[in-house]
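Asker: Take a look at the following structure, please.
The values are calculated or read from the model by the stated rules, or taken from the named source; none is laboratory data. These figures come from a predicted structure and were not determined experimentally. As a convention, Cβ positions derive from the backbone with ideal geometry for all residues, glycine included, and neighbour counts pool all protein chains shown. These accessible areas exclude ligands, DNA and RNA; they are computed on the full protein's heavy atoms, side chains included. Shrake-Rupley method; radii C 1.70, N 1.55, O 1.52, S 1.80 Å.
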Amino acid sequence: MAAIWTLSFYLVWPACLALTPPAELPHPHNLPPELGLNRSDGSLSVDLPLALRVFSVDYHHVQAPFEIVLWIMLASLAKLGFHWSGRVPAVVPESCLLIMVGLLVGGVIYGVRHSAPPTLSADAFFLFLLPPIVLDAGYFLPGRLFFENLGTILWYAVLGTLWNVLGIGLSLYGVCLLAPDSLGDLSLLHCLLFGSLIAAVDPVAVLSVFQEMHVNDQLHILVFGESLLNDAVTVVLYKLFESFLRLPSVSGLDVFLGGCRVVVVGLGGLFVGLFFGLVAALTSRFTSRAQVIAPLFVFLYSYLSYLTSEMLHLSGIMAIVTCAVTMKQYVEANVSERSNTSIQYFLKMWSSVSETLIFIFLGVSTIQDVHMWSWPFVCSTLLLCLVWRASGVLLLTAVVNKLRRNTVTFRDQFIIAYGGLRGAICFSLVFLIDDFPKKRLFITTTIVVILFTVFVQGMTIKPLVELLDVKRKKRALPTVSEEIHSRLIDHLLAGIEDVVGYWGQHYWKDKFEQFNRKYLRRFLIREDNQASSSILRVYQELERREQRGDEEAPSIVDPRSHSRPLLPEEMDSIRRILSRNLQNFNNKQTPAYSRHTLHQDANRDRVRKSLHRHQSLGERYTFTQVEEAEFSGSHRARKGLSRSHTVCSISPLAVLQEPSVPAASARTTIPTSSPAAREEQSAAQHQTSVGGATKKQLSFVLENENQQ
């Protein structure tokens, strides 16, 4: 805390110097003698000093970067002190403590300067602090969970946001009609504008709270995905209502064009992010000779997609999320492991600093002289935010549960409704409103809602999760076996959907994987980095997760195991052996099974050449495992045989009999019409009798399809 107080002094002192009135500035005639005057009227001019100065202070030369560094240092020390404060993190969320530190610093600045402390401008928030947080969320987005629940997330984010905006806006307009003396000058469009910004669920606040609770994956992705896409919708609606306010009158055509604008803004941001994501992946393919700058392209293209979307008045949040999701798998395959580690740690550090600064400035900006209080409006807004969000979650979930296999339980619905935390999104939007008499009331109400949701809901949601016994997240990283079985189930479900003619999510996922493997990966990934085996790719992905050391999913150590931990040298040896064995397995001549290449007509000619077939009915030939060349030839010929014509077995006898053959015929020798076949069979029998031991023989029993 001493370091925080010291930094607070350094933050207050420059601000006091900057606000010194002109009357207190030194007169030119009272300047020290080392500064020369070269004009007759005594005015200052640029001149060389009369004597050499040993020590001097020029604060205004470094004022801007110096204050920025001090603010970042204050935020980092506050976060460091929070994690070393004993039992406080178990009770108070990190965002609450950072806001309290901001309130303390803002109070000190206000007490010393007797004026409002500096506020966080909307441009600084949307252009510099929000992009790193959204980029980190999109780059580390669990793709499988997100796309499996994409329909439900869009259902909550789009329809749920419209439900909250219209419900809160219309209800507040009704409250204004009931209190005409104090709120009579608020129009319907002003109430809808305020409803659009107060309905914005902040992903920064949601992430800071839900990551500490480790709820189950489905609940976490629903809340996080809804808050992430909710911001894009609320910002678009906010700009739409702001445009309506600037029009002299709003017609039905304006409403229709506004709806079209919402769709264009959302889809436009999506396509901008997709374009820059593919360009970033293509650029990373050619960074093999300059691996040092490879991580830089990830940040540049992502930020460029956000700025381009904002320049075109599209959704910057949608653009940067889409860019991060698109380029991740290709960038990770192209760059080295050290570059991947640099990308991951820099993103985490950048987003953590931005998040900390946002909460600090939320507290600092609360100490203002622009507050206006109205009990009916403030209390009604708090109550309406809770009621409309809870009702929207219950109604939308009742509909979506009829279409989901894994239904959203009532406990999860309660956490989703209760987890609608407000934060810096709505705080920055409220300062962008054009000046009108009730703008100060909007600012005060927004600050109250933010403090209530972050402190009251944020501090009580963790005890409620434990009280309701909400399913928690599995803390262990998935093993290779779990990943392989999961993919096996995906292939089975995709095959079933293909057979029955149902185009579900597994069908489209399988089609995209086929397109990705056939075109995108060949074009966007270097040839030397393309792992042809899916098992090897799974192993590499799990290896990256282990090296990253996710704090969200630490590995579980079995308390019943008393074996010593493996040394680093042993772990490296295991990794090398496993990687080499998987690569050797992938290089075998037996092709991997793929349902898209089940029948290969090109191998039929090789099959007929490898096997000597007879035209007589019921004649069968046995190829023993005497010579390795014959075995390899029959092994290669196996893939061209239809399953209805081939029966493979390993037997100690010479021939596997079918049930239709009489039992007596099993003791007799199979008739052959070829002398070469007789010699081969007699040689095999002689070798078996001489060895005195029974040997297993691989038999291929071939049948003629057309019975004569």
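Asker: Taking the condition crowded, with 18+ Cβ neighbours inside 10 Å and of a type in the set (Gly, Ala, Ser), does ALA290 pass?
Answerer: No: the conditions fail for ALA290.
Asker: Kindly indicate whether MET349 is in a helix (DSSP H, G or I) and open to solvent by 10 Å² or more (accessible area, probe 1.4 Å).
Answerer: yes
Asker: May I ask you to list the residues in segment 147-169 that are within 21 Å of ARG246 (Cβ to Cβ) and either out of contact with any Leu (no Cβ under 8 Å at 6 or more places or on another chain) or not small (Gly, Ala, Ser) (or both)?
Answerer: Result: VAL165, LEU166.
Asker: Quick check on this structure: which one of SER182, SER171 is polar (S, T, N, Q), modelled with pLDDT under 90 and open to solvent by 10 Å² or more (accessible area, probe 1.4 Å)?
Answerer: Going through SER182, SER171 in turn, the sole match is SER182.
Asker: Of everything in segment 54-67, what is open to solvent by 100 Å² or more (accessible area, probe 1.4 Å) and not in a loop (DSSP other than H, G, I, E, B)? Give them in sequence order.
Answerer: HIS60, HIS61
Asker: Of the residues in segment 265-290, how many are over 15 Å from LEU229 (Cα atoms) and in a helix (DSSP H, G or I)?
Answerer: Going through segment 265-290 one residue at a time, the tally reaches 13.
Asker: Now for a different question. Check off (1) within 19 Å of the chain's Cα centre (by Cα); (2) under 30 Å from LEU70 (Cβ atoms) for PHE359 and give me the number that stays unchecked.
Answerer: Here PHE359 clears every test but (1).
Asker: Now, a different point. Residues in segment 459-497 that are within 24 Å of ARG405 (Cα to Cα) and either without any contact (Cβ under 8 Å) to a residue 40 or more places away in the chain or open to solvent by less than 60 Å² (accessible area, probe 1.4 Å) (or both): how many?
Answerer: Of the residues in that region, 18 qualify.
Asker: Among what's in segment 312-330 and is closer than 21 Å to PHE523 by Cβ, open to solvent by less than 20 Å² (accessible area, probe 1.4 Å) and of a type in the set (A, V, I, L, M, F, W, C), pick the residue that is nearest to the chain's Cα centre (by Cα).
Answerer: For segment 312-330, the residue satisfying everything is ALA324.
Asker: Take CYS191 and tell me if it is part of a helix (DSSP H, G or I), buried (at least 19 other Cβ atoms within 10 Å of the Cβ), more than 18 Å from the chain's Cα centre (by Cα) and without any contact (Cβ under 8 Å) to a residue 40 or more places away in the chain.
Answerer: Yes.
Asker: Also, quick follow-up: Might you let me know whether segment 413-430 holds any residue that is over 21 Å from MET100 (Cα atoms), among the polar types (S, T, N, Q), open to solvent by less than 50 Å² (accessible area, probe 1.4 Å) and modelled with pLDDT of 90 or more?
Answerer: yes
Asker: Give segment 356-375 a look and list any residue that's assigned to a loop (DSSP other than H, G, I, E, B) and not hydrophobic (A, V, I, L, M, F, W, C), or say none.
Answerer: Of everything in segment 356-375, those that are assigned to a loop (DSSP other than H, G, I, E, B) and not hydrophobic (A, V, I, L, M, F, W, C) turn out to be GLN368, ASP369, HIS371, SER374.
Asker: While we're here: Quick test of your reading of the structure: ILE221 fulfils all but one of (1) open to solvent by less than 50 Å² (accessible area, probe 1.4 Å); (2) touching a Gly at 6+ places or on another chain (Cβ under 9 Å); (3) in a helix (DSSP H, G or I). Name the failing condition by number.
Answerer: (2)
Asker: Give me the residue from segment 83-127 that is free of Cβ contacts under 8 Å to residues at least 60 places away in the same chain and within 24 Å of CYS426 (Cβ to Cβ) and, out of that set, surrounded by the most Cβ atoms within 10 Å (Cβ to Cβ).
Answerer: My answer is LEU97.
Quick grid of which residues meet (1) open to solvent by less than 20 Å² (accessible area, probe 1.4 Å); (2) modelled with pLDDT of 90 or more:
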residue	(1), (2)
LEU207	no, no
ASN230	yes, no
GLU242	no, yes
VAL263	no, yes
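Asker: When you go through (1) under 30 Å from ARG526 (Cβ atoms); (2) open to solvent by less than 20 Å² (accessible area, probe 1.4 Å) one by one for THR283, which number turns out not to apply?
Answerer: (2)
Asker: Then there's this: Take SER309 and decide whether it is open to solvent by 50 Å² or more (accessible area, probe 1.4 Å), of a type in the set (Gly, Ala, Ser), in contact (Cβ under 8 Å) with a residue 24 or more places away in the chain and part of a helix (DSSP H, G or I).
Answerer: no
Asker: How many residues are surrounded by 21 or more Cβ atoms within 10 Å (Cβ to Cβ), in contact (Cβ under 8 Å) with a residue 24 or more places away in the chain and of a type in the set (S, T, N, Q) when one looks only at segment 374-410?
Answerer: 2
Asker: If you don't mind, another one. Which of the residues spanning segment 293-306 are farther than 23 Å from ASP123 by Cβ and open to solvent by 70 Å² or more (accessible area, probe 1.4 Å)?
Answerer: Passing the criteria: ILE293, LEU296.
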